[in-house]
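Below is one structure, written out as structure tokens, with a few remarks after it.
The values are calculated or read from the model by the stated rules, or taken from the named source; none is laboratory data. The model shown is predicted, which means the values in this text are computed figures rather than measured ones. Note: ideal-geometry Cβ built from the backbone for every residue, glycine included; neighbour counts use all protein chains shown. These area figures cover heavy atoms from the full protein model, side chains too; ligands, DNA and RNA do not enter into them. Shrake-Rupley method; radii C 1.70, N 1.55, O 1.52, S 1.80 Å.
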Amino acid sequence: MSLGGTPYGFVANNNEIPDKIVKGLRLPQLQYINDEMYQIMLDCWQLDFTERPSFVELGESLESLKKNDLIPYITFSTFPNFQYEQFYPDMELAVRPVF
């Protein structure tokens, strides 16, 4: 959902990311993602994997969003000053240490 931007690019030290995630750090809700879509993302990021939605539940949630034509789950047209999230090549998985 960061549209090519580097996730957790705002964390200065790559080695701190796993510890920060365990302590509750999550990617912020971006302005073009609605609350329902962000909640699905948060549900998928639960530390306890038993609290995460199953693949079927995830599919059902996304289908439900898709059916609601009144509230777009992702939109760029209402944000005339839209800017992509920053991309940091040196922070991508290919160069990050494996945890």
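Using only Cα atoms, tell me the angle between helix 55-67 and the longest principal axis of the chain; keep it within 0 to 90° and round to the nearest 10. Long axis of 55-67 versus the principal axis of the chain: about 50 degrees. The phi-based Karplus calculation (6.51 cos²θ - 1.76 cosθ + 1.60; θ = phi - 60°) puts the 3J(HN,Hα) values of segment 45-52 at 9, 4, 5, 7, 4, 6, 8, 7 Hz, whole numbers, x for Gly and Pro. Estimated from the Cβ-Cβ distance and a Förster radius of 25 angstrom, the FRET efficiency linking Glu57 and Gln29 is about 0.75. Ranked by solvent-accessible area (1.4 Å probe, protein heavy atoms only, all chains present), the residues Ser2, Ser64 order from largest to smallest as Ser64, Ser2. Just the protein heavy atoms count here, and of the accessible area of the chain at 1.4 Å, carbon and sulfur take up 57 percent. Between Lys67 and Glu36, the distance separating the two model label sites (each 7 Å from Cα on the Cα→Cβ line) works out to 1.0 nm.
Looking at segment 7-37, the trypsin sites (Lys or Arg not before Pro) that sit in a DSSP loop and have at most 15 other Cβ atoms within 10 Å of their own Cβ are Lys23, Arg26. Between Asn13, Asn81, Asn68, the Gaussian network model of the chain with springs among Cα atoms under 10 angstrom shows the greatest mean-square fluctuation at Asn81.
The residue among Gly5, Pro89, Asn34 whose Cα reaches farthest toward the positive pole of the charge dipole of the chain, with charges on the beta-carbon of Lys, Arg, Asp and Glu, is Pro89. Name the most mobile residue of Val11, Val22, Val56, meaning the one with the largest mean-square fluctuation, in a Gaussian network model of the chain with Cα contacts below 10 Å. It is Val56. The residues of segment 2-42 expose on average 55 square angstrom of accessible surface per residue, using a 1.4 Å probe on protein heavy atoms. With respect to the chain, whose longest principal axis is taken over its alpha-carbon atoms, helix 35-44 is tilted by about 50°. A probe of 1.4 angstrom, applied to the heavy atoms of all protein chains, finds Asp90 with accessible area near 110 square angstrom. Of all the options Asp43, Asp69, Asp35, the one that moves most in a Gaussian network model of the chain with Cα springs shorter than 10 angstrom is Asp69. Report which label in (1) 1.22; (2) 1.13; (3) 2.74 holds the value of Cα Rg over 2.2 N^0.38 Å derived from the coordinates of this structure. The calculated read-out lines up with (1).
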